[in-house]
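Trainee: Let me begin by handing over the structure; questions about it come next.
The values are calculated or read from the model by the stated rules, or taken from the named source; none is laboratory data. A quick note: this is a predicted structure, and the numbers were derived from the prediction, not measured. Glycine gets a Cβ as well: all are built from the backbone with ideal geometry, and neighbour counts include every protein chain shown.
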Amino acid sequence: MIVTTAASGDPAEADDLARRFGLRAEPRAGRTLIQVLADAEGPVLVLAARRADLYENGRAFRATAGMAALRLLRARRGEPDPLVAAAALKPGETVLDATLGLGNDALLAAQATGTNVVGLEVDGVLAAFAQAALTRLPADPAGRIEIVNADHREWLRTQPPRAYDVVLLDPMFRKAGDAGPLFELLRAHAGHAPLDEKTLHEARRVARRGVLVKDAAPGDELRRLGLTPRLSRRSAAIAFGWAESLTALPAG
């Protein structure tokens, strides 16, 4: 993917995203957007001062908080967020979002805990797109999310035991058609391999309290992993499964 700027954009931001996420920064050099897209062989992320847009396969995607914006607003009004409630997140806890995607869950986790959240995203396009969105959101909580361009399966194996209070896992095994254009972008770039028992075991080792896994209702993938599905509400499309930390289990 090429990262470039609009007239109001900062070339230093384009260089930073390219360096961090394995992309290529390219000066705008007075070209029109049509010319930039015609010259490109893949996706193009255009950075302006207040917005960022990803152009891919004839479509444009605006880097925003998406559904997280409504979830954040509801949480600030005192309404419980389903993910925050399912993980029982508390102020001061540390969270690893091992499958960051567009960063929606990480935003809610950062707001609920008031601490920094580490988010892993293996796809450089998604990682840069999510970072561009976070940069243009209020610093609290967006500024407390650190995006790491890494495969969570490999990265988890390198971490010490009990490194985070809670690990979040949202593998891309949910059914299509349950969200809008940004979900289509996510589905196009995210890995589709189902969560395996070995990766869940590593996540449980890294977690102090436990691991929250997300699935489509009624939770068939959770049952495959030996977890009990919990719906956030009676009509919910999402089910959660909780796996206790290995270090939290009784000896023997």
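Trainee: Filter the stretch 236-249 down to the residues that are part of a loop (DSSP other than H, G, I, E, B) and more than 18 Å from V84 (Cα to Cα) and list them by number.
Mentor: Correct list: L249 only.
Trainee: Conditions: (1) of a type in the set (G, A, S); (2) modelled with pLDDT of 90 or more; (3) in contact with a Lys or Arg (Cβ under 8 Å, 6 or more places away or on another chain). A203 meets all but one. Number of the miss?
Mentor: (3)
Trainee: List the residue pairs whose Cβ atoms are under 9 Å apart, where the first residue sits in the stretch 187-205 and is in the same structural domain as E121 (by TED's automatic domain parsing), the second is among the aromatic types (F, W, Y), and the two are 6 or more positions apart or on different chains.
Mentor: These pairs meet every condition: H189/F129; H192/F173; A193/F173; P194/F173; L195/F173.
Trainee: Moving on. P43 fails exactly one of the following numbered conditions: (1) touching a strand residue (DSSP E or B) at 6+ places or on another chain (Cβ under 7 Å); (2) farther than 19 Å from D16 by Cα. What is the number of that condition?
Mentor: (2)
Trainee: So V84 fits all but one of (1) over 20 Å from A142 (Cα atoms); (2) surrounded by 14 or more Cβ atoms within 10 Å (Cβ to Cβ); (3) among the β-branched types (V, I, T); what number is the exception?
Mentor: With (1) over 20 Å from A142 (Cα atoms); (2) surrounded by 14 or more Cβ atoms within 10 Å (Cβ to Cβ); (3) among the β-branched types (V, I, T) applied to V84, the lone miss is (1).
Trainee: Answer yes or no: is there a residue in the stretch 13-32 that is in contact with a Lys or Arg (Cβ under 6 Å, 6 or more places away or on another chain), surrounded by 21 or more Cβ atoms within 10 Å (Cβ to Cβ) and not in a loop (DSSP other than H, G, I, E, B).
Mentor: No: zero hits.
Trainee: Additional query: Is it the case that A109 is farther than 30 Å from T4 by Cα, touching a helix residue (DSSP H, G or I) at 6+ places or on another chain (Cβ under 8 Å) and surrounded by 17 or more Cβ atoms within 10 Å (Cβ to Cβ)?
Mentor: yes
Trainee: Looking at the stretch 33-55, which of the residues that are assigned to a loop (DSSP other than H, G, I, E, B) and touching a residue at least 40 places away in the same chain (Cβ under 8 Å) is surrounded by the fewest Cβ atoms within 10 Å (Cβ to Cβ)?
Mentor: Checked the stretch 33-55; the qualifying residue surrounded by the fewest Cβ atoms within 10 Å (Cβ to Cβ) is R50.
Trainee: Next question, about the same structure. For the stretch 27-74, which residues satisfy the criterion of being hydroxyl-bearing (S, T, Y) and closer than 12 Å to T4 by Cα?
Mentor: If the condition is that a residue be hydroxyl-bearing (S, T, Y) and closer than 12 Å to T4 by Cα, then T32, Y55 are the ones that fit.
Trainee: I would also like to ask the following. For the structure I just gave you, tell me whether G103 is small (G, A, S), surrounded by 24 or more Cβ atoms within 10 Å (Cβ to Cβ) and either under 30 Å from A49 (Cβ atoms) or at pLDDT 95 or above (or both).
Mentor: Answer is yes for this residue.
Trainee: State yes or no: is A150 surrounded by 24 or more Cβ atoms within 10 Å (Cβ to Cβ) and not β-branched (V, I, T)?
Mentor: Judged against the criteria, A150 is not a match.
Let's see how each residue does on (1) over 23 Å from the mean Cα position of the chain (by Cα); (2) more than 13 Å from Q131 (Cβ to Cβ); (3) aliphatic (A, V, I, L, M); (4) modelled with pLDDT under 95:
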{"residue": "V36", "(1), (2), (3), (4)": "yes, yes, yes, no"}
{"residue": "L45", "(1), (2), (3), (4)": "no, no, yes, no"}
{"residue": "A49", "(1), (2), (3), (4)": "no, yes, yes, no"}
{"residue": "Y55", "(1), (2), (3), (4)": "no, yes, no, no"}
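Trainee: For L54, all conditions in the list (1) assigned by TED's automatic domain parsing to the domain that holds Q35; (2) under 20 Å from D170 (Cα atoms); (3) not aromatic (F, W, Y) hold save one; what is the number of the exception?
Mentor: All conditions are met except number (2).
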